[in-house]
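The values are calculated or read from the model by the stated rules, or taken from the named source; none is laboratory data. It should be emphasised that the depicted structure is a prediction, and the values quoted were computed from it without experimental measurement. Don't worry about glycine lacking a Cβ; one is built from the backbone with ideal geometry, like all the others, and counts go over all protein chains shown. Note: areas computed on protein heavy atoms with side chains; ligands, DNA, RNA excluded. Shrake-Rupley method; radii C 1.70, N 1.55, O 1.52, S 1.80 Å.
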Amino acid sequence: MTAAMEPSEFYDDLCAELAARRAELSAAEQGFGAGRPMEGAELREWVAFQAWYERQAAEFIGAWLADVTEDDVFYSLTLQIADEGKHHHLFANHLAELGGSLDDWEPEPEWVEWIQVWYPAGDDTLEKVAAHNIAGELGAIQAFEDLRPRLPEATQAVLDKVTPDERFHVLIGRRTVERYATTFEAQERVRARVWGAFEREQAGRVAFERRLAAVA
């Protein structure tokens, strides 16, 4: 039987591999907007995407709860749901300030696969949290850090309210792995879910560039 890594070491190695793979990606895959200042229609599209994403996260994490048997993770996820709802409210209000709305807004197919299909899936709490609170939330923080210098001051202010909560969500992922990914089989399941989410994230970011061509 293959021995498991020490869970904290496993988590750190996985995050280091994520960072290394991200560094090898194209500009469009590494960050929304491919390094350029974001304003006008492009800014409205990104803020709309974030408002939609945050609501989706509140909904699919809420749907997980009926099957979460680990009390510590259950409690943490209830806090996260409140955060995601707050983030949706912040982004939706900012979108309105920018003259946009989600009323007739539709997600790209890659976003549906990534956020509405992959994140809600998973055979147990460990697999669900691994996909979203490791790959997803680390990706969100990376995107925010990449975008912040390229955003208007008002949008930066929204990110400054959201980012600390995202770091807490990452901590939920770390704690879940450290406590429950203690076997080789469990660690392999975490790894598979993380890479599945990572691949869908990159496809989603490339789809954002296609989206911009349609609204330009």
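Where helices (runs of 4 or more DSSP H) fall entirely within region 100-216, those with at least 2 residues that are modelled with pLDDT of 95 or more and surrounded by 16 or more Cβ atoms within 10 Å (Cβ to Cβ) are at 125-129, 153-180, 184-215. Counting the residues of region 61-99 that are over 15 Å from ASN133 (Cβ atoms), open to solvent by 50 Å² or more (accessible area, probe 1.4 Å) and in contact (Cβ under 8 Å) with a residue 60 or more places away in the chain gives 1.
Scanning region 22-60 for residues that are outside any loop (DSSP other than H, G, I, E, B), of a type outside the set (Gly, Ala, Ser) and either surrounded by fewer than 14 Cβ atoms within 10 Å (Cβ to Cβ) or at pLDDT below 90 (or both) turns up ARG22, GLU29, GLN30. Right, TYR11: open to solvent by 30 Å² or more (accessible area, probe 1.4 Å) and among the aromatic types (Phe, Trp, Tyr) or not? Considered against the rule, which asks whether it is open to solvent by 30 Å² or more (accessible area, probe 1.4 Å) and among the aromatic types (Phe, Trp, Tyr), TYR11 comes out as no. Candidates GLU178, GLU127, GLU166, GLU209: the one that is closer than 23 Å to HIS88 by Cβ and among the acidic types (Asp, Glu) is GLU166.
The set of residues from region 88-123 being touching a helix residue (DSSP H, G or I) at 6+ places or on another chain (Cβ under 6 Å) and among the small types (Gly, Ala, Ser) comprises ALA92, GLY100, GLY122. Could you tell me which of the residues THR182, THR155 is hydroxyl-bearing (Ser, Thr, Tyr), within 21 Å of GLU39 (Cβ to Cβ) and in contact with a helix residue (DSSP H, G or I) (Cβ under 7 Å, 6 or more places away or on another chain)? Result: THR155 is the single residue among THR182, THR155 that is hydroxyl-bearing (Ser, Thr, Tyr), within 21 Å of GLU39 (Cβ to Cβ) and in contact with a helix residue (DSSP H, G or I) (Cβ under 7 Å, 6 or more places away or on another chain). Filtering region 80-101 to residues that are hydrophobic (A, V, I, L, M, F, W, C) and more than 16 Å from the chain's Cα centre (by Cα) leaves LEU90, ALA92, LEU95, ALA96, LEU98.
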